């Protein structure tokens, strides 16, 4: 279960300070909300870690074949337009957006919202908090997002200007026009 510290009444972290805090606490996964709250997430357990690896691998393999963008794992920070810094479990941006970043921007938390993101609900995650995070991504420009919940075997699909679509125990999910030709095999996630 993640821990949220409301530090904003006492302290407002600058982007540089947050980067420094994350750098000296590399054993922790940290996020910063748009309200200035510090979110501390514990390491995942074995099942979640394996599922995350499976998701990363499938997206990596598709991206390697099509070369339409850059894919990122959960250790990558994205500084959203809202001011929040988030780290989706899997993220992807188009090659055009990557190439528009300066070399310095590429080395830091990326100053944009991903085009695509996956959040995997672990046993200790609060589903409502994860749903709020997905809504935050959409409000900041995410084009397609999947919230995958192995416990309920559901996939929530988030798209711009559309209601959330909930699929019950799908075997695959399409990357649609955002990730053309990509289909996520969910069998390893449900097993």
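Just so it is clear, none of the values below were taken in a lab; they were calculated from the coordinates. Because the structure is a prediction, the values reported are computed rather than measured. Note that each Cβ is placed from the backbone with ideal geometry, even for glycine, and that neighbours are counted across all protein chains shown.
Gain in length, residue 124 to residue 154, computed as 0.36 nm per residue apart minus the alpha-carbon separation, to one decimal in nm?
9.1 nm
Please give, to one decimal in nm, the separation of the simple spin-label points placed at residue 27 and residue 187, each 7 Å out from Cα toward the Cβ.
So the two model labels end up 4.0 nm from each other.
How far is helix 127-139 tilted off the main Cα axis of the chain, in degrees rounded to 10, range 0 to 90?
The answer is roughly 80 degrees.
In the Gaussian network model of the chain, springs joining C-alpha atoms below 10 Å, which of 73, 89, 125 carries the largest mean-square fluctuation?
125
How big is the antiparallel share of DSSP beta bridges in region 91-191, given as a percent to the nearest 5?
Here the share of antiparallel DSSP bridges comes out near 75 percent.
Simple spin-label model, 7 Å along Cα-to-Cβ: residue 176 to residue 65 in nm?
With each label placed 7 Å out from Cα toward Cβ, I get 2.1 nm.
Enter the angle in degrees (range 0 to 90, nearest 10) between the Cα long axis of helix 15-24 and the first principal axis of the Cα atoms of the chain, meaning the one along which they spread out most.
80
Pick out which of 85, 152, 76 has the largest mean-square fluctuation in a Gaussian network model of the chain, springs linking Cα atoms closer than 10 Å.
152
Counting other C-beta atoms within 10 Å, which of 137, 158, 66 has the fewest, and how do the rest follow?
Exposure proxy ranking, most exposed first: 66, 158, 137.
Could you give the length gained by full extension between residue 53 and residue 135, i.e. 0.36 nm per residue of separation minus their alpha carbon distance, to one decimal place? Spell out each step's value before the answer.
Details: separation 82, 0.36 × 82 = 29.52 nm, distance 2.39 nm.
Going from the current span to full extension adds 27.1 nm.
Over region 44-190, what is the mean sequence separation of C-alpha contacts under 8 Å (at least six apart), divided by residue count, expressed as relative contact order in percent?
18
With everything on Cα atoms, drop me the angle between helix 46-66 and the longest principal axis of the chain, reported from 0 to 90° to the nearest 10.
70
Between 114, 103, 180, where does the largest GNM mean-square fluctuation fall for the chain, given springs only between Cα atoms within less than 10 Å?
103
Which of rounded, prolate or oblate describes region 12-106 when judged by the alpha-carbon gyration tensor and an a/c cut-off of 1.5?
On the way: a/c = 2.35, a/b = 1.22, b/c = 1.93.
Verdict is oblate for region 12-106.
Given a cut-off of under 8 Å on Cα pairs at least six residues apart, what relative contact order in percent is computed for region 126-191?
On the way: 86 pairs, mean separation 14.0, N = 66.
Averaging sequence separation for qualifying contacts and normalising by length gives 21 percent for region 126-191.
Mind pulling the per residue volume of the convex hull built on the Cα atoms of region 59-104? Å³ is fine.
On the way: hull volume 3.9 nm³, N = 46.
Considering the Cα atoms of region 59-104, their hull volume per residue is 85 Å³.
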